[in-house]
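First the structure, in the form of structure tokens, and then the observations on it.
The values are calculated or read from the model by the stated rules, or taken from the named source; none is laboratory data. A quick note: this is a predicted structure, and the numbers were derived from the prediction, not measured. Positions of Cβ are backbone-derived with ideal geometry, glycine not excepted, and every protein chain shown enters the neighbour counts.
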Amino acid sequence: MSVIDDTLKANEKYAQAFNLGNLPMPPARKLAIVACMDARMTVEQMLGLKTGEAHIIRNAGGVLTEDAVRSLIISYKLLGTREFMFIHHTDCGMLTFKDEQLASSLRKSTGTAAVVPAAFHTFSDTAEDVRAQVEKARSHPWIPKDIPVRGFVYDVKSGRLSEVK
Ligand SMILES: [Zn+2]
């Protein structure tokens, strides 16, 4: 049996006890988070959030990609979020390779180039990259200046979140 089959079994149990069917669509705490997809972060548990309280946008690195911008804009404009948070973390996989390295390895193994993704958004300094994402969000013309944007690094060893100033 595959892992996906296991998850389907687990979902059957989940659905039997489910009682969150009446939550409204807008996040109750008006918070949107862009976080790395790292499997060691359970964002809701880390931050004391419950189902229905926040938008959590995840990708490799927790980067403000074109798709993450799209989601943040929809999040505030149509669903009323009022604060944005970026979360990177220690020991991130994005520190372990370079964009060009991965692209060239893919070109070699597949024998072809690809237009997208245009970048993998690797970084070499975690805190510095959090600052860069915060800056990108703050300076985006479609993100209002009155939405606070704050950046953090999560320590996968201690479970603690530190703000990047
Ligand atoms: Zn990561």
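Some points to look at:
- Checked against the criterion of being within 16 Å of the ligand (Cβ to nearest atom) and either exposed (fewer than 14 other Cβ atoms within 10 Å of the Cβ) or small (Gly, Ala, Ser) (or both), the candidates 151, 80, 111 yield just one match: 151.
- Residue match in region 39-57 (condition: away from the ligand (no atom under 16 Å from the Cβ) and β-branched (Val, Ile, Thr)): yes
- Residue within region 95-104 that is assigned to a loop (DSSP other than H, G, I, E, B) and closer than 29 Å to residue 24 by Cα present: no
- The one condition in (1) under 15 Å from residue 93 (Cα atoms); (2) in a loop (DSSP other than H, G, I, E, B) that residue 159 fails to fulfil: (1)
- Single unsatisfied condition, residue 131 versus (1) modelled with pLDDT of 95 or more; (2) part of a loop (DSSP other than H, G, I, E, B); (3) surrounded by fewer than 19 Cβ atoms within 10 Å (Cβ to Cβ): (2)
- Checking every residue in region 52-64 against the condition of being part of a loop (DSSP other than H, G, I, E, B), at negative phi, at pLDDT 95 or above and surrounded by fewer than 20 Cβ atoms within 10 Å (Cβ to Cβ) gives at least one match.
- In summary, residue 15 fulfils each of the numbered conditions (1) without any contact (Cβ under 8 Å) to a residue 40 or more places away in the chain; (2) within 16 Å of the ligand (Cβ to nearest atom) with the single exception of condition (2).
Conditions (1) over 16 Å from residue 33 (Cβ atoms); (2) not polar (S, T, N, Q), marked per residue:
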site: 54; (1), (2): no, yes
site: 66; (1), (2): yes, yes
site: 95; (1), (2): yes, yes
site: 124; (1), (2): yes, no
site: 131; (1), (2): yes, yes
site: 156; (1), (2): yes, yes
site: 160; (1), (2): yes, yes
